[in-house]
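The values are calculated or read from the model by the stated rules, or taken from the named source; none is laboratory data. Just so it is clear, the model here is predicted, and its values are computed rather than measured. So basically every Cβ, Gly included, is an ideal-geometry build from the backbone, and we count neighbours across all protein chains shown. These area figures cover heavy atoms from the full protein model, side chains too; ligands, DNA and RNA do not enter into them. Shrake-Rupley method; radii C 1.70, N 1.55, O 1.52, S 1.80 Å.
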Amino acid sequence: MVCLGNICRSPLAEGILKDKLDPNRFQVASAGTGGWHVGNPPDPRSIDIAQKQGLDISQQRAQQFIPAFFDQYDLIYAMDQSNYSDLKALAKSPDQLKKLYLLLEAIFPGEGVDVPDPYYGGVSGFAEVYNLIDRACEVIARDINQKFD
């Protein structure tokens, strides 16, 4: 799960998808294309909205996406077109490109819909982002479970 700073959207996506998959079978992580927040916990508003949904993401720490993640993970989801483009530029082969998806394609196929960045907005933006990510992760988890059953 990849966004810009790895403190708002992608930590939520990591926590939500982890909650929907068997931790003994699947590894879920998040990162940012930028390195400004490396080592920091998620934004308190992300922690709060996750906690209200029964998820604890407070122990996550921001990390910057590195090209080696293309080899480490089977699926890589970008939160928006800008981060998708940045990740696409880091891919070194067609096989790596095949692993890259826009997160909301799961619920808005072919529409190129971005998960809005709630960083500069209020708490309600985090609730909206949580709901969008949760809907997408529900579909993604179902597809992953079917593919690896």
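Which members of region 14-53 meet the condition of being among the hydroxyl-bearing types (Ser, Thr, Tyr) and in contact with a Pro (Cβ under 8 Å, 6 or more places away or on another chain)?
SER30, SER46
Specify the residue that is nearest to the chain's Cα centre (by Cα); the eligible residues are those in region 79-98 that are among the small types (Gly, Ala, Ser) and surrounded by 14 or more Cβ atoms within 10 Å (Cβ to Cβ).
SER82
Could you tell me which residue of region 107-125 is most open to solvent (accessible area, probe 1.4 Å), considering only residues that are touching a residue at least 12 places away in the same chain (Cβ under 8 Å) and over 17 Å from PRO42 (Cβ atoms)?
ASP114
Among the residues of region 136-148, is any open to solvent by 80 Å² or more (accessible area, probe 1.4 Å), part of a helix (DSSP H, G or I) and under 14 Å from ILE16 (Cα atoms)?
Yes.
Here are some residues: ALA78, ALA31. Which one is without any contact (Cβ under 8 Å) to a residue 40 or more places away in the chain and not hydroxyl-bearing (Ser, Thr, Tyr)?
Sole residue among the options that is without any contact (Cβ under 8 Å) to a residue 40 or more places away in the chain and not hydroxyl-bearing (Ser, Thr, Tyr): ALA31.
Could you pull out the residue among TYR101, TYR120 that is of a type in the set (Ser, Thr, Tyr) and closer than 21 Å to ASP19 by Cα?
Every option except TYR101 fails the conditions.
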